[in-house]
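Only one structure is covered here, and it is reproduced in the block below.
The values are calculated or read from the model by the stated rules, or taken from the named source; none is laboratory data. The structure presented is a predicted model; accordingly, all values stated were derived computationally and were not measured. Glycine also receives a Cβ, built like all others from the backbone with ideal geometry; neighbour counts cover every protein chain displayed.
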C-alpha cells in the first residue's frame, strides 16, 4: 500500500536511496548517512507523505566480528533504524542507515530533533546505548545509564555481565555473612546451548 | 540625608536573585520511585525542569540476546508490569509475523479476552493511583479491590496474578479453563459498579476537578510531533487507536468505540481511561460469545510449537522436537520486522532482527510511555509546582516500560 | 537497655566497620524485661519507608489493599521520610543508578532500623543478571528478611513480615540466619482453618453460576476437611 | 489574683510535659552516631543541589511581612466582633477608625508596588 512512498523517495533522491525492500510487509529504505536529514525533512513536510508521528529510533550493532545477518555489504557497523507513521495517511516507513567504522569511529548523524521533537529522547537513548552521536542535538547526554558509566552497553563488544558499581559493595567480612553468588553459578548457567558464543566475552567483569 | 524611598523611574532597584533548585527525586511517592525531576523554581512557578529517567533501566534488550526466542517472554512480562498480558500478546504477534504464522481463531479470541482484562487492570491502577496522589485514598482502595477481581480471573486462567508469561510463539500456554465465562460474567459487572462508585465520588468533587481541569494541556499536533500514542494522544482529540486503524487479531469483527478527549488536559486523560474500561468490558463480552469452546489453542507448526507432554513421554520424535525447541530455540527465519499493537499506554512496537539461529539478534521494544514522558517537561514548565503530581500521574509512566 | 551502638556501616568515608550486633547480648535474645517489652512495642508499630521501584510495587499495592491487609500487623503506615520510619521496604529491582539513592536513604534512617527485601530482584538481582542491575540489595545495605518471589504472593510477604516481627521481639540483630517461625503441626491446622474461614478468594466472585462454583467449593471443603 | 490560678497551673503543666519530653529524648537518644550521609538533608534520595543558601527574590520577604502585619490587625477585630452588641456605637466608631488606619496603610503599600508579583 505504501509502495508509492518508496517510489517517490527513489525518484526524488535517486542515488541517496541505496536500497529499498518490503520484507514481511514493512517498507524499508536504506539511505546514505549524509542525506539522512534531508530525506527526513522531506518525509515530514511533503503533503502527499505527511509522516508526522516519529514512532521509534534505535541502533543495531553489526560488528564484523559477529558477522551479523545483514544481507548486502554496507559500509559502517552501527545501523540506525527510524520508524515513522502518518496519522492522516495511515502508512508507515522504516529508514535505515549505517554509520561508524569497526571501532565506532565517525559514528555521527545529523539530529532530527527540530523535525520531530519526539526524537529528542530517542536520540539520547541511541547515543547512550549504541554510541552514535547526533550533530546539533540540544543536550546530548546519557538518558538511561548514569553519567559516570563508560562504554555503550548495547554494542556487541560490551560484555553483558560487566558492571560499574557506584556504591562500593559490602564485603563478606563486613556483612558477617556470605553475600556473593555461590559457585557453580556460572555466567551462562541456564542458557540454552544453541546460543551463539560471544567471541569478545574474554574476561567478564 | 536623602529620603530613602527615591522613586526610581530608570529601572527598578532589583536585588540579584537566583532561582531555587529542587529535586523531585527518584524516591518520591508521586514519581513511581524511578523518575527524578530537577526543578528550577521561582517561588511556586517552575521555570525549568529536567526530567531524568533510567533509574529502572534493567537491560531488557541486552538480556534478550542471551536466551532463545521463547525465553524472552518472562522479560516481556515485566516491561509494562501493570498489563503484562498485552506485552505478551504484542511480542507473540511480532515473532509470528516474522515466522509468517497465523494462530487459530480460538487463540485469537482468547488473546483478546485476556489482553482486555489486562487493559482494565492497567487503567484501574492508573486512575486509582492518580486519585490517591491527589489525596483521595478511598477510590484507590476500591479500584485496587476491583483489580483484585481481574487478577483472580487471570490467576485462574494463567496461574499467576501479575507476571503470567502465558504467551507462546504460535499460541498460548494452555487452553481457556472451563469456567472462564462464569468468572468473567460475574466479575465484570461488579468491576463496573466499583468504577461507577469511584466516579460518582471523584467526578463531582470540586477539589478533584479543579486540580485536573486545564492542567498540563497539550494540543493534538504537538502530541503527534512528540510521538505520543494511546490514551494521552486520544485525550488531545486525535482518533488514533491501532485496534481500529490497523486491526489485528479479531478487533475488526467486534464493535466498540474509542473514547476521544477534547482539550488534552489531565482531566481528559483521566476520563479517556475510564471510558476505555467500559469499552474493554464490551470487547470481552462479545469475545466470550464468539470464542469457539473447543479446537486447538496453538497452531500446528512443529518447528515452533512444543508437542504435548504425553507425546513427549511416549514417542521419540516428540522428544527430539521438544529437546531441540527447548535447547536451541525455535529457528526463526532470517530478517527484520516491526510489529505494533495497542498496549495500555499506546503503541507497543517490537522491532525484531533475526539471524536464523534460535537466539534473537536484536529485540528492540518501542515503549509507548517513553515518548509520553519525553513531553512531560513541556507540560509542566511555567506551571505551579503542585501541578506536577496530577500531570505526571495522568501520563501513567511505568518504570519497567519507560526505562526497559 | 543494651547500649545500642549503631555501626558505621557502609558510610562513605570507610571508617572501621563493625558488624551489626548489639554489644550487650551476642545471641540476640532479649535478656531483660525491658528489652522484651521494647521488642514487643516495636514489632507491632513498624513505620515503613516504601522504597518502591518495579513490578513488586503492584503486589505491594495489593498488600495494602483491603484483601491482604497489612494494617492487621500494624505495619501499614507509610512514612515518606527516612527520619520517621523504622522499616525500609525495598520493593522491586534496584539498578546501579538507584544504588546510591537507596544507600543514602538507609543511612538517613533513624536506628533501630530494619530492611525487608521484597521480591527476588531486591534479594538477589533476580534474572536481570547484567551490567545495570545491583545483584541483591544486601550488597549495599544490611537486609533482615529476604522475601523470595517474582512478585511474591502477598501471603508470602506477610509471612516474611511475621518472621521479621519474631526477630524484632527477640531483639536479634544477627544478620546471618533468621530462624523460621516454629508453627507446631497443631497450629498449622488452626491456621489453615483460619484461612478457610476467611473465605476462598473465589468467594469474592460470590454469585458465580451456582453449577460451577458450588461444586468446586464443596469439593475443596470435603477434600481436606 | 485568684482567678489566674488555673492559668498558672496550665502553664506549669505545659512546661513540665515539654521538659519531660526533652529530657527523655536526650537520655534515650544519647549515643546518636552522626555520619555525613545521615546529617545530609533528605531530598528524595538525591544529592541535595543547594536549596539552602540560595538568594531568593525580595518579593517573597515583602509579601510575608505584609501578611504578618495585616494578620495581627485581623486578630484585634475578632474580640470586637464577639462583643459587638455590648460595645454599642462607641465600639463601632472606634473599630471604623482602626480599620481606616489599616486601609490607608494598605493603599500606601499598594501604590508603592510592594504587592506586585510578576516583576
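Scanning the stretch B:28-48 for residues that are assigned to a strand (DSSP E or B) and either more than 25 Å from the chain's Cα centre (by Cα) or at pLDDT below 90 (or both) yields B:38, B:39, B:40, B:41, B:42, B:45, B:46, B:47, B:48. Residue B:75 meets the conditions (1) touching a residue at least 24 places away in the same chain (Cβ under 8 Å); (2) surrounded by 24 or more Cβ atoms within 10 Å (Cβ to Cβ); (3) assigned to a helix (DSSP H, G or I) in every case but one. The failed one is (1). For the stretch B:355-373, the criterion of a residue being surrounded by fewer than 20 Cβ atoms within 10 Å (Cβ to Cβ), modelled with pLDDT under 95 and part of a helix (DSSP H, G or I) is satisfied by no position. Of all the listed residues (A:23, A:61, A:56), the sole one being at the interface with chain B (Cβ under 9 Å from one of its Cβ atoms), closer than 27 Å to residue B:98 by Cα and at pLDDT below 90 is A:23. The sole residue among A:124, A:156 that is in contact with a strand residue (DSSP E or B) (Cβ under 9 Å, 6 or more places away or on another chain), within 12 Å of chain B (Cβ to nearest Cβ) and more than 21 Å from residue A:44 (Cβ to Cβ) is A:156.
Restricting the stretch A:1-12 to residues that are buried (at least 17 other Cβ atoms within 10 Å of the Cβ) and touching a helix residue (DSSP H, G or I) at 6+ places or on another chain (Cβ under 9 Å) leaves a set whose member that is farthest from residue A:111 (Cα to Cα) is A:5.
Given the condition on the phi > 0 side of the Ramachandran plot and not in a loop (DSSP other than H, G, I, E, B), answer yes or no: does some residue in the stretch B:315-337 qualify? Looking for residues that are on the phi > 0 side of the Ramachandran plot and not in a loop (DSSP other than H, G, I, E, B), one finds at least one in the stretch B:315-337, hence yes.
Looking at the stretch B:214-310, the helices (runs of 4 or more DSSP H) lying wholly inside it that each contain 2 or more residues that are within 14 Å of chain A (Cβ to nearest Cβ) and under 19 Å from the mean Cα position of the chain (by Cα) sit at B:220-225, B:231-235, B:242-245. Looking only at the stretch A:85-106, which residues are more than 14 Å from every other protein chain (Cβ to nearest Cβ) and part of a loop (DSSP other than H, G, I, E, B)? Passing the criteria: A:100, A:101, A:102, A:103, A:104, A:105, A:106. Restricting attention to the stretch D:28-49, which residues are closer than 15 Å to residue C:81 by Cβ and assigned to a loop (DSSP other than H, G, I, E, B)? Across the stretch D:28-49, the qualifying residues are D:40, D:41, D:42, D:43, D:44, D:45, D:46, D:48.
Output yes when any residue across the stretch D:60-67 is more than 10 Å from every other protein chain (Cβ to nearest Cβ), outside any loop (DSSP other than H, G, I, E, B), at pLDDT below 90 and exposed (fewer than 10 other Cβ atoms within 10 Å of the Cβ), and no when none is. Looking through the stretch D:60-67, none of the residues is more than 10 Å from every other protein chain (Cβ to nearest Cβ), outside any loop (DSSP other than H, G, I, E, B), at pLDDT below 90 and exposed (fewer than 10 other Cβ atoms within 10 Å of the Cβ).
Annotation note: Cβ proximity below 6 Å between a residue of the stretch D:1-25 that is loosely packed, with under 10 Cβ neighbours inside 10 Å and a residue that is modelled with pLDDT under 95 and part of a helix (DSSP H, G or I) (sequence gap 6+ or interchain) occurs for no pair. Within the stretch D:73-81, is there a residue that is assigned to a loop (DSSP other than H, G, I, E, B) and exposed (fewer than 14 other Cβ atoms within 10 Å of the Cβ)? No, the stretch D:73-81 contains no residue that is assigned to a loop (DSSP other than H, G, I, E, B) and exposed (fewer than 14 other Cβ atoms within 10 Å of the Cβ). If you go through the stretch B:373-400 and pick out every residue that is facing another protein chain (nearest Cβ under 10 Å) and under 29 Å from residue B:71 (Cβ atoms), you end up with 4.
Evaluating residue B:81 against the criteria (1) assigned to a loop (DSSP other than H, G, I, E, B); (2) over 18 Å from residue B:346 (Cβ atoms) leaves one unmet condition, (2).
Where strands (runs of 3 or more DSSP E) fall wholly inside the stretch C:61-177, the ranges with 2 or more residues that are under 12 Å from the mean Cα position of the chain (by Cα), at pLDDT 90 or above and within 19 Å of residue D:46 (Cα to Cα) are C:87-91.
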